[in-house]
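The values are calculated or read from the model by the stated rules, or taken from the named source; none is laboratory data. Just so it is clear, the structure is predicted and the values come from calculations on it, not from any experiment. Counting neighbours? That spans all protein chains shown, and the Cβs are built from the backbone with ideal geometry, glycine included. Note: areas computed on protein heavy atoms with side chains; ligands, DNA, RNA excluded. Shrake-Rupley method; radii C 1.70, N 1.55, O 1.52, S 1.80 Å.
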Amino acid sequence: MPRHVLAICGSLRAQSINRTLLLAAQKCGQEHGLEIHLYDGLGNLPIFNPDNEETPPKSVLDFRAHLAQSDAVLIASPEYAHGVTGAIKNALDWVVASGEFVQMPVAALNASGRATIAQAALLETIRTMDAAIIDDACVTIVLNGKNYSVDDIVNDPETAELLDHALGILRNAIKDADQKRDIA
């Protein structure tokens, strides 16, 4: 039975290397029994306002539903001025209190060897939300803004190996989470 992974790109750019990396993960994930779905609604989420948390707009309900239907989350986000993007932070703010990330297996891919501060901040935010960060599946695949295609990523032995390794670990973490739920 395939496992469903929601992929979230922290960049709204159509040609984002982070988006391309997630599309490459989508292609490679099939070998691990992972159906990776790229969430394209990040730009539709309104700015988080705690006054609207009890009656969120449809776009927020849609985002929460996608998360609730997933077995894991895979995030790739760029670093802007040593921080996470406003788009990814805003999306996470909308689900802090609603709990979709609680014990959710999460892996973060980093497409730039220079983006270490935002990656750490992203993981800290998600950890605060009580997600199950799969540290060994959080990898940096140094693409550093080059104009790679999905095929360039999956056909390069070094990048393909890193991506394959991370997805295998994520798949195993999903299985472990399933076993823990069955025991509980």
Expressed as a whole number of Å, what is the distance separating the alpha-carbon centroids of the range 1-48 and the range 88-113?
12
How much length is gained if the chain between GLN69 and ASN147 is pulled fully straight, taking 0.36 nm per residue apart and subtracting their Cα-Cα distance, in nm to one decimal?
24.8 nm
Dividing the convex hull volume of the Cα atoms of the range 115-168 by its residue count, what figure in Å³ per residue is obtained?
90
Here FRET efficiency (C-beta to C-beta, ARG114 to LYS180, R₀ 25 Å, nearest 0.05) is 0.10
So what's the Cα pair-distance distribution over the chain, bin width 10 Å, in %?
10, 40, 37, 12, 1
Under 5 Å, built H, 5+ apart or other chain: amide partners of LEU38
ALA7
Where a label projected 7 Å from the Cα of ASP164 along Cα→Cβ would reach, residues of the range 1-44 with amide N under 19 Å:
21-36
Residue farthest toward the positive end of the dipole of the chain, with Cβ of Lys/Arg at +1 and Asp/Glu at -1: which of GLY99, SER112, ILE36?
SER112
For the range 48-184, size of Cβ-based charge dipole, Lys and Arg +1, Asp and Glu -1, in debye
140
Computing the accessible area with a 1.4 Å probe over protein heavy atoms, can you report the carbon and sulfur percentage for the chain?
50
Pull out the extension gain between ASN44 and GLN30, defined as 0.36 nm times the separation in residues minus the alpha carbon to alpha carbon distance; nm, one decimal.
2.2 nm
Which FRET efficiency value, to the nearest 0.05, is calculated for ASP135 and TYR80 with the Förster distance at 25 angstrom and r the Cβ-Cβ distance?
0.60
Defining a contact as two alpha carbons under 8 Å apart and six or more residues distant in sequence, what relative contact order in percent does the chain show?
26
Can you find, among THR128, HIS82, LEU162, the residue sitting farthest towards the positive end of the charge dipole of the chain, where Lys and Arg contribute +1 and Asp and Glu -1 at Cβ?
HIS82
How many percent of Cα pairs in the range 14-86 exceed 14 Å?
69
Within 10 Å, count the other beta carbons around each residue, average over each peptide in 115-122, 173-180, 23-30, 155-162, and list them highest first.
23-30, 115-122, 173-180, 155-162
How far, in nm, would the chain grow between THR55 and GLN15 when pulled straight, counting 0.36 nm per residue and subtracting the alpha carbon separation?
11.1 nm
For the range 32-49, just list the computed ³J(HN,Hα) in residue order, Karplus coefficients 6.51, -1.76 and 1.60, θ = phi - 60°, integers in Hz, with x standing in for Gly and Pro.
9, x, 10, 9, 9, 10, 7, 7, 9, x, 4, x, 8, 6, x, 4, 4, 9
Rounded to 5, percent antiparallel among DSSP beta bridges of the chain:
5
